[in-house]
Every structure is written in C-alpha cells, then in structure tokens.
Amino acid sequence: MRRRLRLRDRLLISHLLVVAVGLATVFGAVGLVAPGAFEAAMGPSMTGMGDMMSGAVRAAFQDAVGTALLVAGLAAVVAAIVLSLAVAVRLSRPIARLADASRRIAEGRYAERMPVSSADEIGELAMSFNQMTDSLESTERRRLELVGDVAHELRTPLATLDGYLEGLQDGVVEAGEPTWQLLRRETARLSRLVDDLQQLWRAEARQLPLSPTRVDIRTMLDAVRERFAASAAEHGDELRVTVPVGELAVEADPDRLAQVVDNLVSNAIRYSPEGAPVALHAVADGDDVVIAVSDQGVGLTAEQQTRVFERFYRVDPSRARALGGSGIGLAIARALTEAMGGRIWAESEGSGKGSTFSIALPRVR
C-alpha cells in the first residue's frame, strides 16, 4: 500500500516549492534586467573600452551576479527549510495530538481532553474537540446509568412474577382471582415501563412527531380540570385553575402540551396530603406564557430541584413505587417541553413546604 505523506512533510514540500518558484523568478528577472541596467549605468565608459574589454567586463559582471544569486539562493533554501520545519512542526503537532486523542476516544476513553494553547483556528479546533468529548462522556454516562436503572426497575416485577409462577407450579400459591390480578398488575407495570422508556427515548432524540399549532391556554386548562376532577375529588383535593382575563395562547403541539401538564397535575395530586389544594395557573411573562402547577406536598431541597427531571430519580423511592410511578414521567415532560421550544423547572422552599413545577412556552399574540 502506498504510504501517504504526513502533514508536516506536505507543509515542508509546499514551502520549498514556493521558495523554488521565488528563486526561479528572481534568477529570470535578474538575467533579463541586470545586463541592460549595467550597461546603462556604465554609459560612455563601456563604449571607450573597446569590444574585447567591454565583453570581459560584461562577463565578469554576469559571473559575479550569478555567484551572488547562487549564494543567496542556497541561503534562502536553508533558511526556508529551517523555518518551514519549525512552522510545519508547530502546525502538525497539535493536529497529530488530536488524531491520537480521537483514536483513544474511539476505544472508549471518553475522559480525553486537549489543552487549548492558542486563540487561532487550532485553538478553536481543540475547544470544539473538548466540547465533543464532554458530550460523548455525558452520553455514555447517561447510557450506563439508564442500563443500571432499567435493570433495577425490571428486577422487582420480574422477581414477583417469577415467585408467583414458581408457587403456582409447585402448588404453594392458589390459582385464584387475587393471584391473577396481582400477576396482571405486574405485567402492566412492565408494559408501562417499556412504553415510557420508548417514549422518553423518542422524545430526547427529537423523533416524536409534533404538530405545532395555536393553543388557547384557557381552553386547554379547562380540559385538564375536567380530566382530573374525579381523581382530585377522590383524593379529597381541590383543583384550582386560574387564568388571567384576556387571550393567552402559545405555539405548541396540543396533545404533547396536554401530556406535560397532565403529568404535572397527576404528580401534584398523587403526592399532596389528602384534602390539600392543587393550584393550576397560567400567566403571561414577557414573550412567554408560564403554566405552573403548585402543591402542598413533600417539597424539594435545592439539590432535588435540579435532579427531579432525571430518569428514574425519585424524591421518596419507596413511596413512589407504592404509588405506581415509573420515575421517568418528569424526564419525558422535560424532553417534550424542550422539543416544543420551551423550558421546564421546579421551585420549592424546602422539604415539607410544597413545590411548584412550571413550563414556559413562546407566546403567540
């Protein structure tokens, strides 16, 4: 296989070609211009010397010029080689380090970083490389965490199913209606987890189909109130919906927006103390419309406010599992909100003081 020249060698060759072209130009120009200029400078002196003498002077001049050009050319070539090597090494070394680092990243060593030692294009390339490796490292860490979380979430229902099936096989567990209901609940839990994971993956990969249109906030929140009236009443809660007077609309997918708000309201009702009110309100905030869901539930610490949107993160793991949560509803809500050009965040004064989950979407006037 033919060996390709390295960048350093190609840079050196290109510099030497420039020097060669420059020297050829100088030699040609001097050869054409110098004799005439010499004779014009000598003037009548050349005429008085006679043909033989003037020819000897002209030949001596041409020899001197040729020798000077040869020495100057050699000096220029040596200087060009030294400077070209220095420049070529300076340019090719960080690129070679980038190539080596890329190979290590391809082997799975995502902690690789490049020092940014200049503010030129090489420095910008190193900064872009570091941003890429940060993203790759974060993605790989999230992938490993997801695999571990999914394995952990699947373990409990699978262990329950396996235990009851083994009991049925050995005749220890009676094959009655309560047993079948329990098995159906566990399989439903598995199906719900798989569906949620698939939806989360598609939402984060921006592969969920969205149909943005004008959504009237008052109409949308009234529909939410109707959907959750029964569950709020069953829990003893009061669902309060507040929208300011006047038109309030956003550009969003109505179904996905309703899904996000439903998730926030469902969580608020689920985690609120029995009989506590849940507030759902919307307000114009500059160029955005902010929809907020407030409860008087368990509240959030400062750390929990930033982590609550992570996959499988639970403020109270045992209580969340008992209430049937998969732990990725808020992660789906964040992915959907960001896919619609909005943002979502949580606020709380601390544990036991309730919390407010808000989403902001661009306002349509």
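The values are calculated or read from the model by the stated rules, or taken from the named source; none is laboratory data. On a predicted model such as this, the values are computed, not experimentally measured, just so you know. Heads up, the Cβs are rebuilt from the backbone with ideal geometry, glycines too, and the neighbour counts pull from every protein chain shown.
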Residue list for region 164-222, restricted to those being charged (D, E, K, R), touching a residue at least 60 places away in the same chain (Cβ under 8 Å) and closer than 30 Å to V147 by Cα: R189, R192, D196, E204, R206
Residue identified as assigned by TED's automatic domain parsing to the domain that holds R240, modelled with pLDDT under 80 and of a type in the set (F, W, Y) among F357, F312: F312
Qualifying residue in region 248-265 (condition: modelled with pLDDT under 90, surrounded by 15 or more Cβ atoms within 10 Å (Cβ to Cβ) and either outside any loop (DSSP other than H, G, I, E, B) or under 27 Å from the mean Cα position of the chain (by Cα) (or both)): no
Filtered residues of region 62-113 (kept if under 44 Å from the mean Cα position of the chain (by Cα), within 28 Å of G28 (Cβ to Cβ) and of a type in the set (V, I, T)): I81, V82, V87
Selection count where residues are surrounded by fewer than 11 Cβ atoms within 10 Å (Cβ to Cβ) and part of a helix (DSSP H, G or I), scope region 107-124: 1
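Mind listing whichever residues of region 233-249 are of a type outside the set (D, E, K, R) and over 28 Å from T213 (Cβ atoms)? Steps first, please.
Step one: list which residues in region 233-249 are of a type outside the set (D, E, K, R), which gives 233, 235-236, 239, 241-246, 248-249.
Those that are of a type outside the set (D, E, K, R) and over 28 Å from T213 (Cβ atoms): A233, H235, G236.
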Hey, R93 among the charged types (D, E, K, R) and either modelled with pLDDT of 80 or more or assigned by TED's automatic domain parsing to the domain that holds L197 (or both) or not: no
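Residue-wise test of (1) at pLDDT below 80; (2) surrounded by 12 or more Cβ atoms within 10 Å (Cβ to Cβ); (3) within 29 Å of G327 (Cβ to Cβ).
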residue	(1), (2), (3)
S102	no, yes, no
I105	no, yes, no
R143	yes, no, yes
L146	yes, yes, yes
E153	yes, yes, yes
P157	no, yes, yes
L161	no, yes, yes
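Can you tell which of M127, M132 is modelled with pLDDT of 80 or more, surrounded by 11 or more Cβ atoms within 10 Å (Cβ to Cβ), touching a helix residue (DSSP H, G or I) at 6+ places or on another chain (Cβ under 9 Å) and outside the structural domain of A20 (by TED's automatic domain parsing)?
M132
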Residue match in region 136-144 (condition: within 27 Å of D196 (Cα to Cα), in contact (Cβ under 8 Å) with a residue 12 or more places away in the chain and of a type in the set (A, V, I, L, M, F, W, C)): yes
